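Only one structure is covered here, and it is reproduced in the block below.
Read-outs: derived from the displayed coordinates by stated rules, not from any lab. All values reported here derive from a predicted model rather than from experimental measurement. We place every Cβ from the backbone using ideal geometry, glycine too, and count neighbours over all the protein chains shown.
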Amino acid sequence: MQMHDAKRVEIMIEAVMERRLTELLEAAEVTGYTILPVSGGSGRSGLWSREGQVSRAGGMIAVVCLIRPERLEKLLETVFEVVDRHIGVVSVSDTKVLRAERF
Amino acid sequence: MQMHDAKRVEIMIEAVMERRLTELLEAAEVTGYTILPVSGGSGRSGLWSREGQVSRAGGMIAVVCLIRPERLEKLLETVFEVVDRHIGVVSVSDTKVLRAERF
Amino acid sequence: MQMHDAKRVEIMIEAVMERRLTELLEAAEVTGYTILPVSGGSGRSGLWSREGQVSRAGGMIAVVCLIRPERLEKLLETVFEVVDRHIGVVSVSDTKVLRAERF
Amino acid sequence: MDAILTLAAQNLLSPMILSFALGMAAALARSDLSFPEAVAKGMSLYLLFAIGFKGGVSVSDHGLDGGLLAALTVGVALSAALPFLAFGLLRALTPLPITDAASVAAHYGSISIVTFVTASTVLDAQGIFHEGYMVAVAAAMEAPAILSALWLISRLNGPGAREDRGALLREILLNGSIVLLVGAFLIGWVTGEEGQREIDAFITAPFKGVLCLFLLDMGLVAGRGLRAARQKGAGGDVLAPGVLAFGVLMPLLGAAAGAAAGWALGLSAGGVALLMVLCASASYIAVPAAMRVALPQANPAISLTLALGITFPFNLVLGIPLYLAVANVLIGG
Amino acid sequence: MDAILTLAAQNLLSPMILSFALGMAAALARSDLSFPEAVAKGMSLYLLFAIGFKGGVSVSDHGLDGGLLAALTVGVALSAALPFLAFGLLRALTPLPITDAASVAAHYGSISIVTFVTASTVLDAQGIFHEGYMVAVAAAMEAPAILSALWLISRLNGPGAREDRGALLREILLNGSIVLLVGAFLIGWVTGEEGQREIDAFITAPFKGVLCLFLLDMGLVAGRGLRAARQKGAGGDVLAPGVLAFGVLMPLLGAAAGAAAGWALGLSAGGVALLMVLCASASYIAVPAAMRVALPQANPAISLTLALGITFPFNLVLGIPLYLAVANVLIGG
Amino acid sequence: MDAILTLAAQNLLSPMILSFALGMAAALARSDLSFPEAVAKGMSLYLLFAIGFKGGVSVSDHGLDGGLLAALTVGVALSAALPFLAFGLLRALTPLPITDAASVAAHYGSISIVTFVTASTVLDAQGIFHEGYMVAVAAAMEAPAILSALWLISRLNGPGAREDRGALLREILLNGSIVLLVGAFLIGWVTGEEGQREIDAFITAPFKGVLCLFLLDMGLVAGRGLRAARQKGAGGDVLAPGVLAFGVLMPLLGAAAGAAAGWALGLSAGGVALLMVLCASASYIAVPAAMRVALPQANPAISLTLALGITFPFNLVLGIPLYLAVANVLIGG
Ligand SMILES: Nc1ncnc2c1ncn2[C@@H]1O[C@H](COP(=O)(O)O)[C@@H](O)[C@H]1O
Ligand SMILES: Nc1ncnc2c1ncn2[C@@H]1O[C@H](COP(=O)(O)O)[C@@H](O)[C@H]1O
Ligand SMILES: Nc1ncnc2c1ncn2[C@@H]1O[C@H](COP(=O)(O)O)[C@@H](O)[C@H]1O
Ligand code: NA
Ligand code: NA
Ligand code: NA
């Protein structure tokens, strides 16, 4: 089956920043992304868990973005604007996608 | 620690297609998969979010499938049957697994 | 944008083992990890789904860990202690991260 | 006429309608107010169980009057027939392509259980009798419209769907909301007054309050849908005048069909009003899911925005008091 | 005998049992009806809090009769002893390997809190007195069986588990359901009638209705388990005749032990019936989780299908009226 | 004094406080007892809707006494002013850096709606009148403190935040809890007694019970926070004596300001007590989220542990009866 090179960008970011990040992604003409809920984690700022929480603060989301390699740089610059000042990690892996016309 | 080459297939597909996809995966003798909930996203068909939703329509799931490289082609053909007509994205990355006898 | 080599370790493990695994990760000086909820799956021990479940038994979580390549071996040995006797799969992919000073 | 207006005003100022309005306003203003998906589903399970159960108890109290079977048959026929009317109207009023028109038609042939629940609550509040088995009729009307729409498509477009029809039909009939509604109806029927007494404090007393919160959530979802439709091209056609007109005309035509059928069936005024509501309302839970499986090419945003953003509030605010007034005139309740 | 049958029939046609049956039927028919995990957990938290609290209030009303300590001791002893009985029976009736047999035995020594809640509700509905502290006994019986099973395994298999025993014990005793049950019991005890009056409308009035929905969910989960066991080899052994027989025989033997103990303790007829229910029921919330940690080699599908698919419905439908009848005869209530 | 002690003891032994204590104890003992996030959010939506609605109904009953506008103005002023007091106190008592101090100050200028709800419940239980519009005052006091803190930061640190002020302000004012509280208040006001009668069984009867479960959850979250603060360096400063002292002193100072303002406004004794509670309590839902957006450099663990781990239990257990006693003396209720 025909596959095409792409990048899989995974952004773990504070839940309160969701709207700001996705607005930037759209402004950067990213064609699609998917948001996964995150139930807990740990980092330099300690352990956290969503159990029993009401406030959106103190939670994160994972945003997965599949893009063509040539668009990576622009995406990262966009993302960096938000991630820079905020808690979060960004990773980029090589991947292949079906139906490249979608990306 | 001994690692073995494998492929990580990630399928983002409409939640209503879950049963059909997993039945096909089992028919294709895929030995295992894991389903992650998805809380929102965006694509050519616009923005969506699961917040406050009751209907299963308008939601997606992420299916992660670790398989031996030699089984990839068959898996993709199977998946394509469902994804072809439906909203969804499929990505394949190289990975390594512990305990290869499980795959 | 400056990226740095890293490993993305994804551990699918029984939910009841969460505390044990994360304690081991901290003991192994892993600087961070993120836990994603898992809603269902299938493997050698059959199909499962979290729908309508009350017991923590019979559910899994996905733990994602981004680390520097040189720390991989130690991490895997640690994880193996828990995964060895328990249901679960571990995969390791090459990735790149922003802000390497965080890992 | 005066009575209708009073009723409409009274309806308008009920906590239920105001809760829906609050949700819609919050969503349109981009507030982050939202219900978790699990809570919304939990409330809908509660409402389905309670309304089904109470319908069953009512049947065990009042007997069937020989009417259940006739009403079920008529309900199925209406649900199967209305998509053709809707399809014709859509082709006349809007530029929607065949597939989208068929999908919208399926939504309007089927029913909105929350509109039904709200109407029953209004009737109860005014002490108007209605046949308990109308709940079973509601359940029976969920699915037939889907089959009509698929038949329409396969006539017009050729047999494109590779989907197995039998599996799909099975899945539609075993849809969670149908099973729960029918199951609770049967439980209520079997256990009757005595069963009701046991769980009354759970299914009757807090019912209206839960309905308020659920309508608040519906308002949030509908408002988000309208906002998305306005922003993006996705469901943009929804806000075209022809489409908007359909969203208001179709419920009126449906209600008229329901009124005629209810009158022919010899239902009470309350029963006629409920049948009108069923015919006038459009599905936004079961049918959208079925359409995604069977007609993936159809744009889901169009049906959903129409059903939830236009027709649902129309029925809630103006439709219900209007249908009730017509039923009263018709039956002389 | 006649009385038992009437009771059984009455029980059978209660909204609670019918809700469970609806769930099971829906799951076996492959309906997609389902409760979100969060809603199921929310209902179970509610039930645990309410039943614990009411037990505590009852103790503050009726006093302890000096009976709590004796009942706790006997409960712990029963929970510790029953796994040996279960293990012997399993080895005699089934071909299950040692580890699986020990795991199943742990489930049957422990208790099912929902079965207990349902039985209390049946007693309350019939106005039969039962000692409030039975809730504390239920909590005390959750854990000891786990330790017995682990001891059995280490005797038979050698000390294989690398798991730290102390940590495990701590975790079992601090299990959420035990903590909530005991905590609510203490709160009820301390605040008594007055506390009850404050929150009665929440924990008493809607209780039975919530229980119905929870049993509906249990039926769905049990039905899905049975279907999976039938399909795959995974828990296939469950449906072997010997295993099925165990699922029905063991509750009867457990109930007999409970009856003897309850009689010796001088409990009321209601109290004896509840102790029988505790001994007859098998855990499917706390023990499965503990077994996954401590005995990962054991196949969880076997215990779960037996406990939830066979023994739970058996107790719900036939067991409870039977145990109540026996207790009545024994105590002459 | 005696009266205060009796009241405090009575308060201490209420199911609400004991539920909170149970949660805290369970978390500190590392029990795995927990509420799903969706259930916690569902309960908070219920509480906000119910308290807002009841406040609105009370206004429609008793009229506004011309007091709403004055009270709103004073509330906004207090919320805007208290952060400066808090900031000064923090700089005097603790070694916290400017950003962290400003963030904590924002939390204490704003309000904790659950503390307010608990206090109203205590008043209702004792039949003490309080102005219904205090709910609107509570909503109005959520946001101003955030702006004061940001102003403080930009004065002291220079305009570092690239964040768009307008967008942030909009987001704060349209925060879900403010919108729901104000919306439900308006619905209650419009529908009045009649509306209340319709949904009373949902929003009044079970209210206290839901509050118990919610406080149990708050106890779990607070306990987990305290444990984490003890373990890691993250929020370790929280447990320094100066910080602890702030967590107890600040509510007392806030309450004093509230008492003075309430007296000047001519509120009833109940109203004064509620204004004291609002000033004394610290936000842990809306403000933490706003601070993460606007002041990401501030360590969230410090504010949260202080607000939820120290000040919340202090107000719950000692504060509420104390403020009520003071208000009674002041107004002679
Ligand atoms: N190395 C990592 N791998 C995966 N997730 C991480 C990692 N570091 C941080 N995170 C996630 O990001 C959150 C905030 O990280 P931090 O800013 O280091 O406290 C953590 O709680 C994790 O959920
Ligand atoms: N490039 C992408 N990366 C990640 N997820 C995507 C991407 N494109 C689409 N998706 C997901 O698939 C859904 C449907 O996509 P579409 O068919 O383009 O509307 C979106 O809402 C996303 O959840
Ligand atoms: N190849 C695989 N790819 C992804 N997830 C898997 C795979 N194998 C097993 N899993 C997950 O691990 C769980 C237990 O696997 P098993 O021990 O094979 O029953 C499954 O239910 C899946 O959630
Ligand atoms: Na209709
Ligand atoms: Na037992
Ligand atoms: Na304050």
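Out of all the residues in region A:79-98, which are out of contact with any Pro (no Cβ under 6 Å at 6 or more places or on another chain), touching a residue at least 60 places away in the same chain (Cβ under 8 Å) and either within 14 Å of chain B (Cβ to nearest Cβ) or not in a strand (DSSP E or B) (or both)?
Residues satisfying the conditions are A:V79, A:V82, A:V83, A:I87, A:S91, A:V92, A:S93, A:D94, A:T95, A:K96, A:V97, A:L98.
Residue under question is A:R99, and the condition is that it be over 15 Å from the mean Cα position of the chain (by Cα), surrounded by fewer than 22 Cβ atoms within 10 Å (Cβ to Cβ) and more than 16 Å from ligand 1 (Cβ to nearest atom); does it hold?
Against the criterion (over 15 Å from the mean Cα position of the chain (by Cα), surrounded by fewer than 22 Cβ atoms within 10 Å (Cβ to Cβ) and more than 16 Å from ligand 1 (Cβ to nearest atom)), A:R99 qualifies.
Can you tell me which of E:G183, E:G242, E:G192 is surrounded by fewer than 24 Cβ atoms within 10 Å (Cβ to Cβ), among the small types (G, A, S) and under 30 Å from F:K208 (Cα atoms)?
So the residue among E:G183, E:G242, E:G192 that is surrounded by fewer than 24 Cβ atoms within 10 Å (Cβ to Cβ), among the small types (G, A, S) and under 30 Å from F:K208 (Cα atoms) is E:G192.
Report yes if some residue within region F:35-42 is over 19 Å from E:V179 (Cα atoms) and of a type in the set (K, R); otherwise report no.
Yes: one or more hits.
Do we have any residue at all in region A:73-87 that's in contact with a Ser or Thr (Cβ under 9 Å, 6 or more places away or on another chain) and away from ligand 4 (no atom under 16 Å from the Cβ)?
yes
Can you tell me which residue is surrounded by the most Cβ atoms within 10 Å (Cβ to Cβ) among those in region E:126-135 that are part of a loop (DSSP other than H, G, I, E, B) and of a type in the set (A, V, I, L, M, F, W, C)?
Here the answer is E:I128.
Might you check whether a residue that is within 14 Å of chain F (Cβ to nearest Cβ) and under 18 Å from the mean Cα position of the chain (by Cα) occurs anywhere in region D:69-92?
No, every residue in region D:69-92 fails to be within 14 Å of chain F (Cβ to nearest Cβ) and under 18 Å from the mean Cα position of the chain (by Cα).
Working only within region D:79-102, note down all residues that are charged (D, E, K, R) and surrounded by fewer than 16 Cβ atoms within 10 Å (Cβ to Cβ).
D:R91, the sole residue that qualifies.
Might you let me know whether region D:53-66 holds any residue that is away from ligand 5 (no atom under 16 Å from the Cβ) and either under 28 Å from D:A298 (Cα atoms) or within 9 Å of another protein chain (Cβ to nearest Cβ) (or both)?
Yes.
Give the residues of region B:23-78 that are within 7 Å of another protein chain (Cβ to nearest Cβ), in contact with a strand residue (DSSP E or B) (Cβ under 9 Å, 6 or more places away or on another chain) and of a type in the set (G, A, S), sorted by residue number.
B:G32, B:S39, B:G40, B:G41, B:S42, B:G43, B:A57, B:G58, B:A62 - these are the residues of region B:23-78 that are within 7 Å of another protein chain (Cβ to nearest Cβ), in contact with a strand residue (DSSP E or B) (Cβ under 9 Å, 6 or more places away or on another chain) and of a type in the set (G, A, S).
So, in region E:138-158, how many residues would count as being assigned to a loop (DSSP other than H, G, I, E, B) and either among the aromatic types (F, W, Y) or within 17 Å of E:A289 (Cα to Cα) (or both)?
So the answer is 3.
Show me the strands (runs of 3 or more DSSP E) entirely contained within region C:6-75 in which 2 or more residues are touching a residue at least 40 places away in the same chain (Cβ under 8 Å).
So the answer is C:60-67.
Let's see how each residue does on (1) within 21 Å of the chain's Cα centre (by Cα); (2) crowded, with 18+ Cβ neighbours inside 10 Å; (3) more than 8 Å from chain F (Cβ to nearest Cβ):
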{"residue": "D:A3", "(1), (2), (3)": "no, no, yes"}
{"residue": "D:T6", "(1), (2), (3)": "no, no, yes"}
{"residue": "D:L12", "(1), (2), (3)": "yes, no, yes"}
{"residue": "D:I17", "(1), (2), (3)": "yes, yes, yes"}
{"residue": "D:F20", "(1), (2), (3)": "yes, yes, yes"}
{"residue": "D:A29", "(1), (2), (3)": "no, no, no"}
{"residue": "D:S44", "(1), (2), (3)": "yes, yes, yes"}
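Of all the residues that make up region D:73-132, how many are touching a residue at least 40 places away in the same chain (Cβ under 8 Å) and of a type in the set (D, E, K, R)?
Counting residues in region D:73-132 that are touching a residue at least 40 places away in the same chain (Cβ under 8 Å) and of a type in the set (D, E, K, R) gives 2.
Residue under question is F:V76, and the condition is that it be surrounded by 17 or more Cβ atoms within 10 Å (Cβ to Cβ) and β-branched (V, I, T); does it hold?
So F:V76 does not fit the description; no.
A quick yes/no check of all residues on (1) crowded, with 21+ Cβ neighbours inside 10 Å; (2) over 29 Å from A:E26 (Cα atoms); (3) of a type outside the set (A, V, I, L, M); (4) in contact with a strand residue (DSSP E or B) (Cβ under 9 Å, 6 or more places away or on another chain):
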position: D:R197; (1), (2), (3), (4): no, yes, yes, no
position: D:A201; (1), (2), (3), (4): no, yes, no, no
position: D:P206; (1), (2), (3), (4): yes, yes, yes, no
position: D:A255; (1), (2), (3), (4): yes, yes, no, no
position: D:C279; (1), (2), (3), (4): yes, yes, yes, no
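If we scan region E:165-175, do we find a residue that is assigned to a helix (DSSP H, G or I), under 30 Å from D:I203 (Cβ atoms) and at the interface with chain F (Cβ under 8 Å from one of its Cβ atoms)?
no
For region F:1-18, give me each residue that is part of a helix (DSSP H, G or I) and touching an Asp or Glu at 6+ places or on another chain (Cβ under 9 Å).
F:P15, F:M16
So how many residues does region C:63-103 have that are closer than 13 Å to C:L21 by Cβ and in contact with an Asp or Glu (Cβ under 6 Å, 6 or more places away or on another chain)?
3
For region E:58-68, name all the residues that are over 21 Å from the mean Cα position of the chain (by Cα) and among the aliphatic types (A, V, I, L, M).
Result: E:V59, E:L64.
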